[in-house]
Amino acid sequence: MISSLYSFLYSFALAVGMVVSLPYWLFQMARHGKYRAGLAERLGRVPARLQVGNELVIWVHAVSVGEVLAVAGLVEELRRRSPEHRIFVSTTTDTGQALARKRFGEEKVFYFPMDFGFAIRPYLRALRPRMVVLAETEFWPNFIPLAHSSGARVAVVNARISDRSWPSYRRFRRLLRRLLAHVDLFLAQTQEDATRLRDIGAGTERVRVAGNLKFDIPVPASPAIVESVRSAIAGGRPVLVCGSTVEGEEPLLLKAFENLLVQHPRAVMILAPRHPERFPVVATLLEQMSIRFRRRSAWKGEALAGGVFLLDTIGELAALYALADVAFVGGSLVPRGGHNIIEPAQYGVATVVGNHTENFRDIVSLFHSRDAVRVVGPAELPLVLMELLANDAERRGLGRRAAETIRSQVGATARMADALMELMARP
């Protein structure tokens with residue numbers, strides 16, 4: 001009775017919040033096209049392409065691109081170990097959806113339903129999942145209990161509690177305890193994440209430390225774009241790749257690049273804003289600063305030496321880190337929590353981040369403890385970039401230690417697959 005009341009109050013509050021914020025969502029749809037794709041699926045309309053007969057089903061949910069990349073190896077391992085199961089993957093974002101369809105096949109991928117019973121139940125009836133796997137920290141108050149009550153085992157893999165979320169979770173842990181009781185298994189990234197999960201109500205016996213799937217993501221196959229850009233750079237050196245940048249960072253990075261051009265007039269910056277709707281904004285900024293640049297979407301192979309290559313496409317950044325002398329990973333010079341530094345580290349590239357890396361605290365702390373990353377503030381950024389580019393031994397050593405750190409952490413995929421297979425085998 002109490003659980004039903006909580007569910008009703010949560011659903012009511014969620015509905016009110018959506019109505020109040022409706023103008024914002026409509027604006028985003030009209031201006032950027034965001035959230036329009038898959039709207040019917042999000043509201044509970046199961047797409048006809050998800051054909052399920054008498055097959056056993058595993059449902060994996062990965063929010064966006066980072067989570068899709070992280071779980072891809074786990075999905076393949078589960079398929080290998082349990083070929084009698086059909087694995088479906090849901091995502092929340094459009095970019096995650098596009099990547100998941102490319103990786104797993106359109107007929108196995110769909111948009112995650114909104115957290116309302118009327119949107120969730122059609123998927124549970126259609127898929128009848130034997131197990132539901134949620135990536136990272138997806139604590140949906142309606143979805144988790146409904147999935148569990150449908151008979152599915154529920155697991156959270158790569159589980160983490162970020163520094164930003166931690167105070168809020170602790171404040172509401174009495175309510176969270178009721179919700180987390182519906183999760184059969186938590187596979188945490190670190191011991192600290194496991195401790196935090198237990199503290200907010202996850203049963204001790206249901207929490208294990210299994211590592212971070214992101215360390216197991218293989219180096220992406222080199223697409224044609226990498227060789228094309230390599231040829232276009234020609235004698236243009238050094239190459240600075242700035243990935244996943246957010247609002248407020250590009251002016252700082254471009255000022256540093258202007259300084260770099262004084263000493264290295266053929267230098268190249270590959271600049272990849274995090275969010276597609278900001279591509280035109282960054283192009284305008286480059287025009288205003290009178291910096292020579294090419295947009296990837298309009299590029300036809302022209303020389304890139306002595307300017308910026310604006311990567312206004314999705315899915316190409318990870319492979320282009322291979323061309324970098326130094327990489328900067330964004331979301332970290334401003335308080336946005338940072339982004340994943342593993343992609344450049346896999347190539348042995350010297351990597352720099354800002355000092356706002358709360359979302360990846362454990363990864364950054366590990367790298368920092370091994371002198372495998374540089375953490376800087378906005379004022380230090382230009383000087384650190386210049387020093388690394390001027391000192392070959394220091395730059396190469398930093399990159400070498402980053403690659404060694406990656407190799408020391410692999411194995412989470414196998415550990416999680418073991419645990420999930422064991423969970424499904426329970427009576």
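Against the conditions (1) over 19 Å from Leu317 (Cβ atoms); (2) open to solvent by less than 40 Å² (accessible area, probe 1.4 Å), where does Ala350 fall short? Just the number, please.
(1)
Give the stretch 317-345 a look and list any residue that's among the β-branched types (Val, Ile, Thr) and either open to solvent by 10 Å² or more (accessible area, probe 1.4 Å) or in a loop (DSSP other than H, G, I, E, B) (or both), or say none. Even if it seems obvious, please write down each step before you answer.
Taking the stretch 317-345 and keeping what is among the β-branched types (Val, Ile, Thr), we get 326, 329, 334, 341-342.
Once the filter is applied, which keeps residues that are among the β-branched types (Val, Ile, Thr) and either open to solvent by 10 Å² or more (accessible area, probe 1.4 Å) or in a loop (DSSP other than H, G, I, E, B) (or both), the stretch 317-345 yields Val334, Ile341.
So, restricting to helices (runs of 4 or more DSSP H) that lie completely within the stretch 65-128, which ones have at least 1 residues that are buried (at least 22 other Cβ atoms within 10 Å of the Cβ) and aromatic (Phe, Trp, Tyr)? First the steps, then the outcome.
On the way: elements: 65-81, 94-104, 117-127.
Those helices (runs of 4 or more DSSP H) span 117-127.
Residue-wise test of (1) touching a residue at least 60 places away in the same chain (Cβ under 8 Å); (2) more than 30 Å from Arg130 (Cα to Cα).
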| site | (1), (2) |
| --- | --- |
| Gly338 | no, yes |
| Asp392 | no, yes |
| Arg395 | yes, yes |
| Ala417 | yes, no |
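Which of the numbered conditions does Leu197 fail, given that it passes all the others? Conditions: (1) modelled with pLDDT under 95; (2) touching a Phe, Trp or Tyr at 6+ places or on another chain (Cβ under 6 Å).
Answer for Leu197: the failing condition is (1).
Being at pLDDT 95 or above and either basic (Lys, Arg) or out of contact with any strand residue (DSSP E or B) (no Cβ under 8 Å at 6 or more places or on another chain) (or both) narrows it down to one residue among Ile120, Ile144; which is it?
Numbers: Ile144 fails: either basic (Lys, Arg) or out of contact with any strand residue (DSSP E or B) (no Cβ under 8 Å at 6 or more places or on another chain) (or both).
None of the other options fit; the residue is Ile120.
Residue check: is Val89 in contact with a Lys or Arg (Cβ under 7 Å, 6 or more places away or on another chain), among the aliphatic types (A, V, I, L, M) and within 20 Å of Ile144 (Cα to Cα)? Step through it out loud before you land on a result.
Numbers: in contact with a Lys or Arg (Cβ under 7 Å, 6 or more places away or on another chain): yes; among the aliphatic types (A, V, I, L, M): yes; within 20 Å of Ile144 (Cα to Cα): yes.
Considered against the rule, which asks whether it is in contact with a Lys or Arg (Cβ under 7 Å, 6 or more places away or on another chain), among the aliphatic types (A, V, I, L, M) and within 20 Å of Ile144 (Cα to Cα), Val89 comes out as yes.
Quick one: in the stretch 355-395, of everything that is among the acidic types (Asp, Glu) and closer than 25 Å to Glu250 by Cβ, which residue is surrounded by the fewest Cβ atoms within 10 Å (Cβ to Cβ)? It would help to see each step written out before you state the result.
At the first step, the residues of the stretch 355-395 found to be among the acidic types (Asp, Glu) are 358, 362, 371, 380, 387, 392, 394.
If we keep only those that are closer than 25 Å to Glu250 by Cβ as well, we get 358, 380, 387.
Values: Glu358: 17, Glu380: 15, Glu387: 13.
Restricting to residues being among the acidic types (Asp, Glu) and closer than 25 Å to Glu250 by Cβ, the top hit is Glu387.
Name the residues in the stretch 229-250 that are open to solvent by 10 Å² or more (accessible area, probe 1.4 Å) and within 24 Å of the chain's Cα centre (by Cα), would you?
Those that are open to solvent by 10 Å² or more (accessible area, probe 1.4 Å) and within 24 Å of the chain's Cα centre (by Cα): Ser244, Glu247, Gly248.
So, of the residues in the stretch 411-427 that are modelled with pLDDT of 95 or more and open to solvent by 60 Å² or more (accessible area, probe 1.4 Å), which turns out to be farthest from the chain's Cα centre (by Cα)?
Of everything passing the filter in the stretch 411-427, Glu422 is farthest from the chain's Cα centre (by Cα).
Which numbered condition trips up His368, out of (1) over 29 Å from Ala224 (Cα atoms); (2) in contact with a Pro (Cβ under 8 Å, 6 or more places away or on another chain)?
(2)
Return yes or no: is Ala372 outside any loop (DSSP other than H, G, I, E, B) and modelled with pLDDT of 95 or more?
no
Identify all residues within the stretch 186-245 that are hydrophobic (A, V, I, L, M, F, W, C), farther than 30 Å from Val156 by Cβ and touching a helix residue (DSSP H, G or I) at 6+ places or on another chain (Cβ under 9 Å); write none if there are none. Walk me through how you get there before you give the answer.
Residues of the stretch 186-245 that are hydrophobic (A, V, I, L, M, F, W, C), as a first pass: 186-188, 194, 197, 200, 202, 207, 209-210, 213, 215, 217, 219, 221, 224-226, 229, 232-234, 239-242.
In the following step, the residues that additionally are farther than 30 Å from Val156 by Cβ were identified as 224-226, 229, 232-234, 239-242.
Within the stretch 186-245, Ile225, Val226, Val229, Ile233, Val239, Leu240, Val241, Cys242 qualify.
So that you can scan it fast, the table gives a plain yes or no per residue for (1) among the small types (Gly, Ala, Ser); (2) modelled with pLDDT of 95 or more; (3) more than 17 Å from Met416 (Cα to Cα):
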| residue | (1), (2), (3) |
| --- | --- |
| Gly38 | yes, no, yes |
| Val46 | no, yes, yes |
| Glu55 | no, no, yes |
| Trp59 | no, yes, no |
| Ala70 | yes, no, no |
| Leu74 | no, yes, no |
| Thr95 | no, no, yes |
| Arg101 | no, yes, yes |
| Lys108 | no, yes, yes |
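Scanning the stretch 267-299 for residues that are part of a loop (DSSP other than H, G, I, E, B), modelled with pLDDT of 95 or more and open to solvent by 10 Å² or more (accessible area, probe 1.4 Å), which turns out farthest from Leu254 (Cα to Cα)?
If we filter the stretch 267-299 for residues that are part of a loop (DSSP other than H, G, I, E, B), which is where we start, we get 267, 274-275, 289-292, 299.
From the residues that got through so far, the ones that are modelled with pLDDT of 95 or more too are 267, 289-292, 299.
Then drop every residue that is not open to solvent by 10 Å² or more (accessible area, probe 1.4 Å), which leaves 289-292, 299.
Numbers: Met289: 9, Ser290: 11, Ile291: 8, Arg292: 11, Trp299: 20 Å.
Ranking the candidates gives Trp299 first.
Can you find a residue in the stretch 288-296 that is closer than 22 Å to Val373 by Cβ and not aromatic (Phe, Trp, Tyr)?
Among the residues of the stretch 288-296, not one is closer than 22 Å to Val373 by Cβ and not aromatic (Phe, Trp, Tyr), which makes the answer no.
Check Ser168 against each of (1) among the hydroxyl-bearing types (Ser, Thr, Tyr); (2) assigned to a loop (DSSP other than H, G, I, E, B); (3) without any contact (Cβ under 8 Å) to a residue 24 or more places away in the chain and name the one condition it does not meet.
Of (1) among the hydroxyl-bearing types (Ser, Thr, Tyr); (2) assigned to a loop (DSSP other than H, G, I, E, B); (3) without any contact (Cβ under 8 Å) to a residue 24 or more places away in the chain, only one is false for Ser168: (2).
Pick from the stretch 274-333 the residues that are aromatic (Phe, Trp, Tyr) and under 17 Å from Ala232 (Cβ atoms): which of them is nearest to the chain's Cα centre (by Cα)? Outline the logic, then answer.
So in the stretch 274-333, the residues aromatic (Phe, Trp, Tyr) come out as 279, 293, 299, 309, 321, 328.
When the remaining residues are screened for being under 17 Å from Ala232 (Cβ atoms), the result is 293, 299, 309, 321.
Numbers: Phe293: 27, Trp299: 27, Phe309: 23, Tyr321: 16 Å.
Filtering the stretch 274-333 for residues that are aromatic (Phe, Trp, Tyr) and under 17 Å from Ala232 (Cβ atoms), the one nearest to the chain's Cα centre (by Cα) comes out as Tyr321.
Sort out which residues of the stretch 211-228 are assigned to a helix (DSSP H, G or I), under 16 Å from Arg296 (Cβ atoms) and open to solvent by 10 Å² or more (accessible area, probe 1.4 Å), and write them in order of number.
First pass over the stretch 211-228, keeping only residues assigned to a helix (DSSP H, G or I): 213-216, 224-228.
This time we only want the ones that are under 16 Å from Arg296 (Cβ atoms), so: 224-228.
Hits for the stretch 211-228 are Ala224, Ile225, Glu227, Ser228.
Can you go through Leu197, Leu179, Leu187, Leu146 and tell me which one is in contact (Cβ under 8 Å) with a residue 60 or more places away in the chain and either open to solvent by less than 30 Å² (accessible area, probe 1.4 Å) or part of a helix (DSSP H, G or I) (or both)?
The unique qualifying residue is Leu187.
Out of (1) without any contact (Cβ under 8 Å) to a residue 60 or more places away in the chain; (2) over 24 Å from Leu271 (Cβ atoms), the odd one out for Thr351 is which?
With respect to (1) without any contact (Cβ under 8 Å) to a residue 60 or more places away in the chain; (2) over 24 Å from Leu271 (Cβ atoms), Thr351 is out only on (2).
Kindly list the number of the only condition in (1) assigned to a helix (DSSP H, G or I); (2) crowded, with 21+ Cβ neighbours inside 10 Å that fails for Val308.
Going through (1) assigned to a helix (DSSP H, G or I); (2) crowded, with 21+ Cβ neighbours inside 10 Å one by one, Val308 breaks only (1).
The values are calculated or read from the model by the stated rules, or taken from the named source; none is laboratory data. Given the structure is predicted, the values throughout are model-derived calculations rather than measurements. Methodologically, a virtual Cβ is constructed for each residue, glycine included, from the backbone with ideal geometry; neighbour enumeration extends over all protein chains shown. Note: accessible area is taken over every heavy atom of the protein model, side chains too, but ligands, DNA and RNA are not part of it. Shrake-Rupley method; radii C 1.70, N 1.55, O 1.52, S 1.80 Å.
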